[in-house]
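I have placed the structure first, in the form of structure tokens, so that the comments after it can refer back to it.
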Amino acid sequence: VQLQASGGGLVQPGGSLRLSCAASGSIFRINAMGWYRQVPGKQRELVAAVSSGGSTNYADSVKGRFTISMDTAKNTVYLQMNSLKPEDTAVYYCNVPLSPYVYWGQGTQVTVSS
């Protein structure tokens, strides 16, 4: 299973970005996908997760600003990020749990700076 993430970049505070992550390979069924982020010296943290049924979960720091969605036909997860803040700067990783393994994308850098 391979995960290909895209959509990161440099944006000014208050701006928006949309991240995408497509899963490919030997996949029978994806039940959930998620986005995590990590800054140097800190642990990777959950940003948002979505189930194939549409249930979502967000970190408190991004509620009301970020929206996660999943296209089950394309095995792709999206993260729409609005009202970005400098503290959102991090490397963002997509994640797919496929028991008994957990797969990670390669990471995409998001930098929020004026």
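The values are calculated or read from the model by the stated rules, or taken from the named source; none is laboratory data. Computed from a predicted model, the values in this text were never measured in an experiment. FYI the Cβ positions are ideal-geometry reconstructions off the backbone, even for glycines, and counts take in every protein chain you see. Side chains included, ligands, DNA and RNA excluded: accessible areas come from the protein's heavy atoms. Shrake-Rupley method; radii C 1.70, N 1.55, O 1.52, S 1.80 Å.
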With just the Cα atoms of the chain, tell me how far they stretch along each of the three principal axes, in Å, largest first. 43, 26, 21
Rounded to the nearest 5, what % of DSSP beta bridges with both residues in the chain are antiparallel? 95 percent
Low-density loop positions, chymotrypsin sites (Phe, Trp or Tyr not before Pro), segment 1-86 - DSSP coil, at most 12 other Cβ in 10 Å: Phe28
Are there trypsin sites (Lys or Arg not before Pro) in segment 6-71 that DSSP marks as loop and that have at most 14 other Cβ atoms within 10 Å, and which are they? Arg29, Lys42, Lys63
In whole percent, the fraction of accessible protein surface over the chain that belongs to carbon or sulfur atoms, probe radius 1.4 Å, stands at 48 percent
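Give the relative contact order (percent, whole number) for segment 4-114; include only Cα pairs under 8 Å separated by 6+ residues. Each step should come with its number before you reach the end.
Values: 252 pairs, mean separation 40.1, N = 111.
Across segment 4-114, relative contact order equals 36 percent.
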Per residue, how much accessible surface does the chain expose to a 1.4 Å probe? Answer in Å², no decimals. 54 Å²
